[in-house]
Structures are given as C-alpha cells and as structure tokens.
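The values are calculated or read from the model by the stated rules, or taken from the named source; none is laboratory data. Bear in mind the structure is a predicted one, so any value in this text is a computation, not a measurement. Cβ atoms come from the backbone with ideal geometry, glycine included; neighbour counts cover every protein chain shown. Quick note on the areas: whole protein, heavy atoms, side chains included, nothing else; ligands and nucleic acids left out. Shrake-Rupley method; radii C 1.70, N 1.55, O 1.52, S 1.80 Å.
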Amino acid sequence: MKKAMTISYEIGTKLYMNITNKCPCRCTFCIRNNADGAYGSEPLWLEHDPSLEEIMADLDKRPVSSYEEIVFCGYGEPTTRIDVLTQAAKLLKEKSGCPPLRLNTNGLSDLISGRSTADEICSVFDVVSISLNAGTKDEYLKVTRPIYDNAFEAMQKFTGDCVKTGKSKVLMTVVDVIPEAEIEASRKIAESLGAVLRVRSYEA
C-alpha cells in the first residue's frame, strides 16, 4: 500500500478533498478495497491526517473558482475530523468565486462526535450526500459493516436533522449493484426523511 499526501485531486470539473483515511465502516463495495486511488488519481492513502494549514496551503495552489464543485470525500470519512472539516469549508467559502461545496459522508458523525452535528455541517456545505447503501437494516449492516450497532438508525436521524436545517440539499445514495427491490426500499426511506435518493454507478 502506497503512502502519499494527496490532499486534493481533480475528477473532470470537480475538485475532491482527501483529509483522512479513518472510517468507522468497512463497506464491501468501497473503492479502496481494490485500488490506491480513485478514477486514476494519485494514491490517496495519507501519511498522516493533514492539518488545517496543510489543507488550505494545498487549496491555495488550486484555481478554486474554476471548479464546478468541491467535494470533501477522500479515502476516509471526513466527519471523523469534523472540526477541521468545517473550518476548511468556512475558509473555502471566503475565497473569491468559491463553487458549491459538497460533503460525501456515511452519516455517522453524531456517533463519531458524540453530539448532534447536522447544523454545523449544513451551515457550511451546500450539498450533503449520505451513503444509505441499503433499504433494510440487515442489508445495511451486511454491506456497510459499521463499528456501531445503532448505525442504521443514527444515519437516518442525521439525514432527517440535515433536512430540518433547511440549509443544504440533502441526498442519500445507493450503488446500482443492489437489487431493484432494495433500491425502491431505499427510495422510500429517503423520501420519508425528506431527502432525494441518488442511485450511483459502482466503480470497481
């Protein structure tokens, strides 16, 4: 496994931010099971979690206003570093011509932080995209393999709390390799929480 310090990487017209490799889940479909990078990017396994100063120095080298969107995603769960995550997003918002900011998350930040986190996240992100992964608790636990027993419930509560803030567009996602019945069950969960379901293509 290669170690690098790829904090940001481009995919098409979007810039992706990689701020940690830590994650409380071991999803069966996770791209890092199969590769060191994503979509031809540089290796994304970090030597260490970059500081806020390192993140902003990296962004200073990028033409921020030229991107369609900036996505905090990376090879780990960004909300394991919620303070650095939200501070970096706030500083980005202050940059001239900053595009919309999106957070890709497993929705477990309340469990990770031990507090309600929806408001502080939605205050700085235009879009919050939450990995639902399955339409039932049993399938979710089988696919996502979180360290928390109550992850399925906590992820839904976080989603609903984000919707209630009214500050961000809230998506829930599943990959297109799950059965159609699971996709429809997932759609019902998303709709019940006021979120929009996005079915994304699986990339091996």
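Entry remark, segment 180-201: residues being touching a helix residue (DSSP H, G or I) at 6+ places or on another chain (Cβ under 9 Å) and either of a type in the set (D, E) or assigned to a loop (DSSP other than H, G, I, E, B) (or both) number 3 in total. When segment 144-166 is filtered for residues that are under 17 Å from the mean Cα position of the chain (by Cα) and not small (G, A, S), the ones remaining, listed by number, are T144, R145, P146, F152, M155, Q156, K157, F158, T159, D161, C162, V163. Applying a threshold of 7 Å to beta carbon distances and a minimum spacing of six or more residues, or different chains, the list of pairs starting in segment 144-161 at a residue that is more than 15 Å from A190 (Cβ to Cβ) and ending at one that is open to solvent by less than 70 Å² (accessible area, probe 1.4 Å) and of a type in the set (D, E) reads A154/D110.
Out of contact with any His (no Cβ under 7 Å at 6 or more places or on another chain), acidic (D, E), surrounded by fewer than 21 Cβ atoms within 10 Å (Cβ to Cβ) and closer than 14 Å to P24 by Cβ, is that true of D138? No: the conditions fail for D138. Looking at this structure, is R81 surrounded by 16 or more Cβ atoms within 10 Å (Cβ to Cβ), in contact with a strand residue (DSSP E or B) (Cβ under 6 Å, 6 or more places away or on another chain) and modelled with pLDDT of 90 or more? The answer is no for R81. Would segment 156-166 turn up any residue that is open to solvent by 10 Å² or more (accessible area, probe 1.4 Å) and touching a Phe, Trp or Tyr at 6+ places or on another chain (Cβ under 6 Å)? No, that holds for no residue.
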